[in-house]
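Read the structure below first, then the notes.
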Amino acid sequence: MSPVDADGLARSLRERVDGDVRFDAGSRGAYSTDASNFRQVPIGVVLPRTPDAAADVIAVAREYDAPVLSRGGGTSLAGQCTNTTVVIDWSKYCTELESVDTDARTCVVQPGIVLDELNAQLADTGLRFGPEPATHANCTIGGMIGNNSCGATAQRTGKVVDNIGRLEVLLYDGTRFWCGETSDEQYAEIERRGDLRAALYRQLRGLRDTYADRIRERYPDVPRRVSGYNLDSLLPEHDFDVAGLLVGSESTLVTVLRAELELVPVLESRSLVVLGYPSIDRAADAVPAILPHEPIALEGVDAKLIRDEEIKHLNPEALAELPRGNAFLMVQFGGADTEEADERAKRMLDAMHESDHEPTVAFLDDPAGEDELWQVREAGLGATAHVPSHRDTFEGWEDSAVAPDRLGDYLRRLSALYEEFGYASAGASGGAAGRRERRHRYSSSP
Ligand SMILES: Cc1cc2nc3c(=O)[nH]c(=O)nc-3n(C[C@H](O)[C@H](O)[C@H](O)COP(=O)(O)OP(=O)(O)OC[C@H]3O[C@@H](n4cnc5c(N)ncnc54)[C@H](O)[C@@H]3O)c2cc1C
């Protein structure tokens, strides 16, 4: 690729884009990394004031043959936000909740809105956006769409792809449209227009028809599969969902200008049970026995993570609540009232005491205590990254997606590999370990 005329590009962006244009060394340095181990100095950074202004950025970049990359909170762990490109930072200005439809349980947002901010603004409606990565205080909806994120709530609400209505997207060539599930009538209508979008949809249909059987056969049936493009969203059984295809595409296919999100009701009451086990693999062995009780969240943490939090004096009161053991499963149940949530938790506990996975137990039904214990999990990655008196560690093995019934074996084999090659790691795991309440799109529910 020929080098980009950065001075000319910066000049044109300043003339034609409503937003901040930063091509100075300091800004480029600041945007050269995300939460990953990677570093690439960008060509420059633009903070557009509106989605239309972001579209202008891409039009200018195209004229200079300059690559572009979107950035939300920049909390990606695998270098998704680092590249030698023009970086579009959505998080400063494009943060609006544009509309809410409480009957349809949907809302339309700009991509830079932070998840916690969105849910705070939705609070009066009794609705919220379901997926919740541990970075919920910083991650943006655009970034969550880019990564197909999920987190502790994934048991109930799945990944982002399970919660997207439609996306307004822009291709590098300037083609701009709303997309989502596409009925045959809608497809015919798009075809009739004969524009660039029609050509694109035709190609996607062709791709789907050529490879449908192989996609069905070869895409792994793992609930928290977030790697690769969601080609399975294009299958007829998923209504040729073009938005679904684009979720998780990490800024490599389109720029998302707006998103229509599907919302879920806020649960009135929750109960948290913490189960203690002698080791993380033994805890993982218990997961398939827990899933039929339909927890709304299920997360695991191991002894190393707890030790690192102790060294850093993080969450001391919550750590004191943990039951005996070297590894813990945090299992949360929801209900219309406390009795219902508690009842569900007790049913699961009775079953576990009668199973081969007898745990030690801490039962919490006061919200403050529960929040603190969840923080133990959420603080996990940060807690293990820089521990006083320990060598720094770096993220490198993240977000493996494993079928629930193979989790224990997987962790045993992974530990053996660590041992063989002299690595160490803390374990925090969870997410879509089993089922989703809603579309059951990629479900391999046990
Ligand atoms: C401590 C820690 C814990 C984490 N825990 C979780 C977890 O529990 N679950 C989880 O899923 N992830 C987790 N992550 C990863 C990350 O925080 C999430 O995936 C988060 O949703 C990313 O949001 P962001 O706004 O920071 O995205 P960014 O990192 O800014 O971007 C993510 C991707 O989306 C693309 N993108 C952003 N905006 C747009 C747009 N408008 N159009 C097109 N593409 C766009 C970017 O180019 C990039 O490829 C964790 C990270 C850390 C550091």
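Annotations
- The one condition in (1) crowded, with 24+ Cβ neighbours inside 10 Å; (2) in contact with a helix residue (DSSP H, G or I) (Cβ under 7 Å, 6 or more places away or on another chain); (3) not hydroxyl-bearing (Ser, Thr, Tyr) that Ala243 fails to fulfil: (2)
- Residue in the stretch 221-229 that is surrounded by fewer than 19 Cβ atoms within 10 Å (Cβ to Cβ), farther than 26 Å from Asn119 by Cα, more than 16 Å from the ligand (Cβ to nearest atom) and under 22 Å from the mean Cα position of the chain (by Cα) present: yes
- Extreme residue, surrounded by the most Cβ atoms within 10 Å (Cβ to Cβ), among residues of the stretch 145-159 that are at pLDDT 95 or above and touching a strand residue (DSSP E or B) at 6+ places or on another chain (Cβ under 9 Å): Ile145
- Of Leu115, Leu47, all but one fail to be more than 12 Å from the ligand (Cβ to nearest atom) and either closer than 21 Å to Asp34 by Cα or touching a Phe, Trp or Tyr at 6+ places or on another chain (Cβ under 8 Å) (or both); the exception is Leu47.
- Residue satisfying all of: in the stretch 196-220; at pLDDT 95 or above and either among the small types (Gly, Ala, Ser) or part of a loop (DSSP other than H, G, I, E, B) (or both); surrounded by the fewest Cβ atoms within 10 Å (Cβ to Cβ) among these: Gly206
- Members of the stretch 143-168 that are under 10 Å from the mean Cα position of the chain (by Cα) and within 9 Å of the ligand (Cβ to nearest atom): Gly143, Met144, Ile145, Gly146, Asn147, Asn148, Ser149, Cys150, Gly151, Ala154, Lys159, Val160
- Residue match in the stretch 263-279 (condition: within 18 Å of the chain's Cα centre (by Cα) and within 16 Å of the ligand (Cβ to nearest atom)): no
- Only one entry in Val100, Val4, Val108, Val41 is within 15 Å of the ligand (Cβ to nearest atom) and either buried (at least 19 other Cβ atoms within 10 Å of the Cβ) or not aromatic (Phe, Trp, Tyr) (or both), namely Val108.
- Among the residues listed as Glu250, Glu217, the single one being more than 18 Å from the chain's Cα centre (by Cα) and assigned by TED's automatic domain parsing to the domain that holds Glu181: Glu217
- Where a residue in the stretch 98-120 is within 13 Å of Gly73 (Cβ to Cβ) and its partner, wherever it lies, is assigned to a helix (DSSP H, G or I), with Cβ under 7 Å and at least six apart: Pro111/Ile141; Pro111/Gly142; Gly112/Gly142; Ile113/Ile141; Leu115/Ile141; Leu115/Met144; Leu118/Ile141
- Residue within the stretch 163-182 that is part of a helix (DSSP H, G or I) and either assigned by TED's automatic domain parsing to the domain that holds Arg406 or surrounded by fewer than 19 Cβ atoms within 10 Å (Cβ to Cβ) (or both) present: no
- Leu234 being within 22 Å of the chain's Cα centre (by Cα) and buried (at least 19 other Cβ atoms within 10 Å of the Cβ): yes
- Sub-8 Å Cβ pairs linking a first residue in the stretch 124-148 that is of a type in the set (A, V, I, L, M) to a second residue that is near the ligand (Cβ under 6 Å from one of its atoms), at least 6 apart or interchain, are Ala134/Gly151; Ala134/Leu381; Ile141/Gly72; Ile141/Pro111; Met144/Gly72; Met144/Pro133; Ile145/Pro111; Ile145/Val256, ordered by first then second residue.
- Check on Asp56, more than 23 Å from Val226 (Cα to Cα), of a type outside the set (S, T, N, Q) and within 16 Å of the ligand (Cβ to nearest atom): yes
- For the stretch 403-426, filtered to residues that are part of a helix (DSSP H, G or I) and of a type in the set (Gly, Ala, Ser), the residue that is farthest from Pro278 (Cα to Cα) is Ala416.
- Near pairs, Cβ below 7 angstrom, 6+ apart or cross-chain, from the stretch 20-45 (outside the structural domain of Thr85 (by TED's automatic domain parsing)) to any residue that is away from the ligand (no atom under 13 Å from the Cβ) and part of a strand (DSSP E or B): none
- Filter result for Ala289 (assigned by TED's automatic domain parsing to the domain that holds Ser415, surrounded by fewer than 20 Cβ atoms within 10 Å (Cβ to Cβ) and among the small types (Gly, Ala, Ser)): yes
- Restricting the stretch 129-142 to residues that are part of a loop (DSSP other than H, G, I, E, B) and more than 7 Å from the ligand (Cβ to nearest atom), the residue that is surrounded by the most Cβ atoms within 10 Å (Cβ to Cβ) is Pro131.
The values are calculated or read from the model by the stated rules, or taken from the named source; none is laboratory data. Since we're looking at a predicted model, the values are computed, not measured. Cβ atoms come from the backbone with ideal geometry, glycine included; neighbour counts cover every protein chain shown.
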